[in-house]
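Working notes, structure below.
The values are calculated or read from the model by the stated rules, or taken from the named source; none is laboratory data. All of these numbers come straight from a predicted model, not from anything done at the bench. Don't worry about glycine lacking a Cβ; one is built from the backbone with ideal geometry, like all the others, and counts go over all protein chains shown. Accessible surface is based on the protein model in full, side chains and every heavy atom, while ligands, DNA and RNA are left aside. Shrake-Rupley method; radii C 1.70, N 1.55, O 1.52, S 1.80 Å.
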Amino acid sequence: MPLVSPLEFIAGEDGNVCAVKVQKMELGEPDASGRRRPIPIEGAIEEIPCDVAISAIGTNANPFAKKIGGMDLNKWGYIVADENGRTSNPRIWAGGDIVTGAATVILAMGAGKTAAASITETLTAE
Ligand SMILES: Cc1cc2nc3c(=O)[nH]c(=O)nc-3n(C[C@H](O)[C@H](O)[C@H](O)COP(=O)(O)OP(=O)(O)OC[C@H]3O[C@@H](n4cnc5c(N)ncnc54)[C@H](O)[C@@H]3O)c2cc1C
C-alpha cells in the first residue's frame, strides 16, 4: 500500500496480532530538492486486519563488508569504490547496493559490468 505509515500492531484477545493500525499519508509540496515528502492526512487512520505481521521496512549495509575488512567503508558501512568499482584494496572491486546504498537492478548490473571490465584490464596488464 503506497502512502501509508504503520503506527501500531494491535493484539487480539489471545494476545496475538490481529491488526495493524496505519496512518494514511499524502505528498506535500516539493522541498528545496524538489522532493515531495509524505505528510499525514489528519484523521485518516485505518486498521488492517491480519493474522501475521512481518516488519520489512528500511535497508542497512550488509555487515559482511565490515567483517571482511581491508577496504574503506563510508560512515554508513557501505563500501567506498571509484567509478570503476575499485575499492581501497587493490584486489577487491565492489558495486551495486553495497556501494550505492539501496538503488536499482540496472545500476547494480551496470556496476558489475564496469567492475568486470576493470578487473580484466588490471589482470591483462599484469
Ligand atoms: C522490496 C524491494 C523491491 C525492489 N524493487 C525493485 C524494482 O522494482 N526495480 C529495481 O530496479 N530494483 C528494485 N529493488 C532494488 C534491487 O533489488 C537492488 O538494487 C538490487 O538487487 C541490488 O543488486 P546487488 O547485486 O547489488 O545486491 P543484491 O541483489 O542484494 O545481491 C547481494 C547478494 O549477496 C548475497 N550475500 C549477502 N551476504 C553474503 C555473504 N556473506 N556471503 C555470500 N553471499 C552473500 C545475498 O544473498 C544476495 O544474493 C528492490 C529492492 C527491494 C528490497
Q: Calculate, in nm to one decimal, what residue 37 and residue 5 gain on full extension: separation in residues at 0.36 nm each, minus their alpha carbon distance.
A: 10.3 nm
Q: Would you pull out the residues with amide H under 5 Å of residue 101's amide H, same chain only if 5 or more places away, H placed 1.01 Å from N?
A: none
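Run the numbers on the chain and let me know its relative contact order in percent, using alpha-carbon pairs under 8 Å that are six or more apart.
Relative contact order, the chain: 14 percent.
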**Q.** Within the range 61-102, trypsin sites (Lys or Arg not before Pro) in DSSP loop having at most 10 other beta-carbon neighbours inside 10 Å
**A.** 75, 91
**Q.** Directionally averaged shadow of the chain, computed from the convex hull of its alpha-carbon atoms, nm²
**A.** 12.0 nm²
Q. Among 24/66; 21/66; 67/113, which pairs are too far apart, with a Cα-Cα distance over 32 Å?
A. 24/66; 21/66
Q. So what is the calculated 222 nm ellipticity per residue for the chain, using -39500 (n - 2.57) for each DSSP H run with n of 4 or more, over all residues, to the nearest 500 deg cm²/dmol?
A. -7000 deg cm²/dmol
Q: Just flag the GluC sites (Glu not before Pro) in the range 1-109 sitting in loop per DSSP whose Cβ has no more than 13 other Cβ atoms within 10 Å.
A: 13, 83
(Q) Are there any trypsin sites (Lys or Arg not before Pro) in the range 1-57 that are in a DSSP loop and have at most 16 other Cβ atoms within 10 Å? List them by number. (A) 35
Q. How big is D, in µm² s⁻¹, for the range 64-125 by Stokes-Einstein at 37 °C and 0.692 mPa s if Rh is the Kirkwood radius over C-alpha pairs?
A. 279 µm²/s
(Q) What is the percent carbon and sulfur in the accessible area of the chain, measuring with a 1.4 Å probe over the protein chains and ignoring ligands? (A) 56 percent
Q: Give a residue-ordered list of calculated ³J(HN,Hα) values for the range 15-25 (Karplus: 6.51 cos²θ - 1.76 cosθ + 1.60, θ = phi - 60°; whole Hz; x for Gly, Pro).
A: x, 8, 4, 10, 6, 10, 8, 10, 9, 6, 10
Q | In order through the range 107-113: 3J(HN,Hα) via Karplus (6.51 cos²θ - 1.76 cosθ + 1.60), integer Hz, x for Gly, Pro | A | 5, 5, 5, x, 5, x, 5
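At 0.36 nm per residue, and after removing the present C-alpha to C-alpha distance, how many nm does the segment from residue 50 to residue 13 gain when stretched out fully? Could the numbers behind the result be given before it?
On the way: separation 37, 0.36 × 37 = 13.32 nm, distance 1.39 nm.
Once the chain is fully extended between residue 50 and residue 13, it gains 11.9 nm.
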